[in-house]
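Enquirer: I have a structure here, written as structure tokens, and I will follow up with some questions on it.
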Amino acid sequence: MAAPRTFLIILVTELTLISSERLFHTRDRSDIQTRLRDKAESILTREYAQNYLWKYGWIEPVRWDSLPFRGVPATSEENVAPSDISTLLSEGQSSPSAQPETPQGPEPTLNPRFIGALKRFQEAKGLRVTGELDDATREAMNAPRCGVPDRKVTEVEKLDSVKRLNHDMSKDEAEYPHLSTTASTISTNQLKIQAPPQEENNLDLRLSQHVRKKRSHLLKAGKKKGAFSKPTIKWRLLGEGYSMWLAIDDQRSILMRAFRIWSEVVPLNFEEDLTSPAHIIDIKLGFGTRRHLGCSQLFDGMGREFAHAWQLGDIHFNDDKHFVHPNSEDSKEGISLLKVAVHEIGHVLGLSHMNEVMSVMQPSYIPANSKMELDMADRRAIQKIYGRCSGRFNAVFDWVRKDEVVPGSWVFHTYFFRKGWYWMYENRSNRTRYRDPRKLASGWNGIPSSNIDAIVHIWAGEKDLTLFFKGTQYWRYDNENDRAYKQDPEGITYPRLISEGFPGITGPIDTAFYDRRDKNVYFFRGRNVTAFSVASQKIVPGYPKAITDLFPPYIPGDHPLSDLDAVYFSFAHQTIFFIKDTYVWRMARSKENPDVPHNALLPRLPVNEQWLDICDVHPSMLTVQRR
């Protein structure tokens, strides 16, 4: 009987735990009463302002990426002020471990060094530069913010530190042979056993710094300093670090979306990895409160800091903050996990804070709507580190529609197809649409799901035909009902052989486009181009011709020659573009320069200079979206 009773007890216990876990991850935490001691102090006095300016680097840049991280003994004081702060006060004493809400005596007089820091802070925040702790400055200091310092040590200063560290580590290795290049795989406790007691604390600190710097050094071996040196970055939400505010699946989904936002503007893929050993994971994320996840940097309770992160390292979220889904009804009350995650990922990728209102990298939290995206300043800053995206396309074309905002006008969005993905390019704002690329099959019903050879929009008189070509066949698209015709109004069934609809043209083709100037469709294959008259439904006499004869180079030798990826007439630019590999040639307009030969192709440009931020994302991040 003992065994069944034991089994029953275990079963009831497991069910209770499961039920408790569900409750834990779905409750709104309204039952939690915040205690005064768990709140970070408001910046009300000069003393507190001085602590703020120290912590976030306004007095002196902080060596943030070199700070100890793991294996560092916990300190008895949870908010440690700089050791030399007393030397910078003209009167009074700093006592950060016991901060009253209101001053209990005369405030300390600010040293000129603090006044200078306060002025720098005010200028960066767009405040009136007074050097006084006025109400506007207090409000800025009390705003929820990222825990990463605003001013960090420069790369030159870091290099000096690395040299000193290497010298120190060489002495350590001579004194303690066990401190070898495999030190990062040895636990701190093991080292303590072998190290002399009087060296224990210093060894903890130096080893922690060394492990962080060593990992950073290995990753910095790539094309640029401070950048991940590989195209695919693995990330994981730690099992021991789930948030109490959101369901686990919601947390992972929001983090995936945050990583995707960055992958849409730089040539990096972010892959969630739930199975590889921990040391394989590049970015580990977790939620915690106060002293958390083995990190020596404390969160400040229900106060200012919502998260912190290290370059090429980990991200920690302060779970004392009320994190919400960006689409949540509580988004005005809580903190958007999406916006915070995007900000902290920026730090991991190598960005510092930027004091620009629209930048996601500004240190203070400003509520974001559900369509939060990167500002142009964020895009250009991250591309200075990782470069711009580039790649080949199967087909490019302009989709023409009437503007719903401005009656009587037209909108020309450019679509780029690559394998099974597509991007819509907003020519007016010179950027891709929010949350592109998308699956071809989810946006275009009834056409092949990948590797389209060409799209031709015939717009002549009463004819308005959108045709998709692949292999030896083509499809006609019903724009009104957003699907490919199986049978069009004329009774023609699709897909149809190219040779049936365009006598004399046999597939497959490289690409094709419709020229509104002469109302011909131009089919490209190899080195040749063939003009097909829409009016006569015949090949124009004298064709096929060599591409270089019909579209000569403006500069001899600067020409795609053959095997083109795409050619299309741009309504936005009122000219024709030729695309091959990662380059584009624009055809000179007739009125542009009388000295340029007719139909001449101007010097080539990289595609990513003509059209910005057309980036791949990891397949796991593709979502089914409608056009």
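The values are calculated or read from the model by the stated rules, or taken from the named source; none is laboratory data. This is a predicted model, so every value here is computed, not measured. Every residue, glycine as well, gets a Cβ built from its backbone with ideal geometry; the counts of neighbours run over all protein chains shown. For accessibility, only protein heavy atoms count, side chains too; no ligands or nucleic acids. Shrake-Rupley method; radii C 1.70, N 1.55, O 1.52, S 1.80 Å.
Enquirer: For the stretch 241-259, which positions are open to solvent by less than 10 Å² (accessible area, probe 1.4 Å) and either on the phi > 0 side of the Ramachandran plot or not hydrophobic (A, V, I, L, M, F, W, C) (or both)?
Expert: Correct list: G241, S243, Q251.
Enquirer: Now, a different point. Given the structure, is H353 open to solvent by 10 Å² or more (accessible area, probe 1.4 Å), within 25 Å of K152 (Cα to Cα) and modelled with pLDDT under 95?
Expert: Taking the combined requirement at face value, the residue satisfies it.
Enquirer: Pairs under 9 Å by beta carbon, first residue farther than 28 Å from A377 by Cβ and without any contact (Cβ under 8 Å) to a residue 24 or more places away in the chain in the stretch 245-269, partner of a type outside the set (S, T, Y) and open to solvent by less than 20 Å² (accessible area, probe 1.4 Å), six or more apart or different chains?
Expert: R252/L237
Enquirer: Could you grab the pairs with beta carbons closer than 8 Å, sequence gap of 6+ or different chains, first residue in the stretch 354-367 and free of Cβ contacts under 8 Å to residues at least 60 places away in the same chain, second one among the basic types (K, R) and open to solvent by 40 Å² or more (accessible area, probe 1.4 Å)?
Expert: Taking only residues 6 or more apart or on different chains, the pairs are P367/K332.
Enquirer: Determine whether G542 is under 25 Å from I498 (Cβ atoms) and open to solvent by 10 Å² or more (accessible area, probe 1.4 Å).
Expert: It is true that G542 is under 25 Å from I498 (Cβ atoms) and open to solvent by 10 Å² or more (accessible area, probe 1.4 Å).
Condition check ((1) modelled with pLDDT under 85; (2) open to solvent by 10 Å² or more (accessible area, probe 1.4 Å); (3) of a type outside the set (K, R); (4) touching a strand residue (DSSP E or B) at 6+ places or on another chain (Cβ under 8 Å)) across all residues:
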residue	(1), (2), (3), (4)
F299	yes, no, yes, yes
G303	yes, yes, yes, no
Q311	no, yes, yes, no
D314	no, yes, yes, yes
L337	no, no, yes, yes
M358	no, yes, yes, no
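Enquirer: Tell me which of these R379 doesn't satisfy, since it passes every other one: (1) surrounded by fewer than 23 Cβ atoms within 10 Å (Cβ to Cβ); (2) assigned to a loop (DSSP other than H, G, I, E, B); (3) at pLDDT 80 or above.
Expert: Tallying (1) surrounded by fewer than 23 Cβ atoms within 10 Å (Cβ to Cβ); (2) assigned to a loop (DSSP other than H, G, I, E, B); (3) at pLDDT 80 or above, R379 fails exactly one: (2).
Enquirer: Going residue by residue through the stretch 463-482, is there one that turns out to be modelled with pLDDT under 95 and under 30 Å from S263 (Cα atoms)?
Expert: Within the stretch 463-482, one or more residues are modelled with pLDDT under 95 and under 30 Å from S263 (Cα atoms).
Enquirer: Still on this structure, I have one more. Specify which of the listed residues (V540, V567) is more than 15 Å from D510 (Cα to Cα) and of a type in the set (A, V, I, L, M, F, W, C).
Expert: Being more than 15 Å from D510 (Cα to Cα) and of a type in the set (A, V, I, L, M, F, W, C) holds for just one of V540, V567, which is V540.
Enquirer: A further question on this structure: Could you list, in sequence order, the residues of the stretch 475-500 that are in contact with a Leu (Cβ under 8 Å, 6 or more places away or on another chain) and open to solvent by less than 10 Å² (accessible area, probe 1.4 Å)?
Expert: Y477 - this is the single residue of the stretch 475-500 that is in contact with a Leu (Cβ under 8 Å, 6 or more places away or on another chain) and open to solvent by less than 10 Å² (accessible area, probe 1.4 Å).
Enquirer: Looking at the stretch 606-627, I want the residues that are at pLDDT below 80 and have a partner that is in a loop (DSSP other than H, G, I, E, B) with Cβ atoms under 8 Å, at least 6 apart or on another chain. Which pairs are those?
Expert: Here the result reads L622/P437; T623/R435; Q625/R435; R627/W444; R627/D482, each pair linking the stretch 606-627 to a residue that is in a loop (DSSP other than H, G, I, E, B).
Enquirer: Would you confirm, using the coordinates I've provided, whether D403 is within 30 Å of L338 (Cα to Cα), open to solvent by less than 70 Å² (accessible area, probe 1.4 Å) and either modelled with pLDDT under 90 or in contact with a helix residue (DSSP H, G or I) (Cβ under 8 Å, 6 or more places away or on another chain) (or both)?
Expert: When the stated conditions are applied, D403 does not pass them.
Enquirer: Considering (1) farther than 28 Å from M376 by Cβ; (2) touching a residue at least 24 places away in the same chain (Cβ under 8 Å); (3) of a type in the set (S, T, N, Q), say which one S570 fails and leave the rest.
Expert: (1)
Enquirer: Could you list all residues from the stretch 494-518 that are β-branched (V, I, T) and over 18 Å from I547 (Cα atoms)?
Expert: Within the stretch 494-518, I498 is the sole residue that qualifies.
Enquirer: Just give me the residues in the stretch 545-586 being in contact with a helix residue (DSSP H, G or I) (Cβ under 7 Å, 6 or more places away or on another chain), open to solvent by 20 Å² or more (accessible area, probe 1.4 Å) and β-branched (V, I, T), in sequence order.
Expert: T582
Enquirer: Could you list all residues from the stretch 433-454 that are assigned to a strand (DSSP E or B) and open to solvent by less than 10 Å² (accessible area, probe 1.4 Å)?
Expert: A454
Enquirer: Taking the stretch 528-582 on its own, how many of its residues are hydroxyl-bearing (S, T, Y), within 33 Å of the chain's Cα centre (by Cα) and not in a strand (DSSP E or B)?
Expert: 1
Enquirer: Still on this structure: Against the definition (assigned to a strand (DSSP E or B), buried (at least 17 other Cβ atoms within 10 Å of the Cβ) and at pLDDT 90 or above), how does K284 come out, yes or no?
Expert: yes
Enquirer: Something else now. Return yes when F270 is closer than 21 Å to G147 by Cα and at pLDDT 90 or above and no when it is not.
Expert: Answer is no for this residue.
Enquirer: Name the single residue that is least open to solvent (accessible area, probe 1.4 Å) among those in the stretch 501-527 being outside any strand (DSSP E or B), modelled with pLDDT of 95 or more and of a type in the set (D, E, K, R).
Expert: D510
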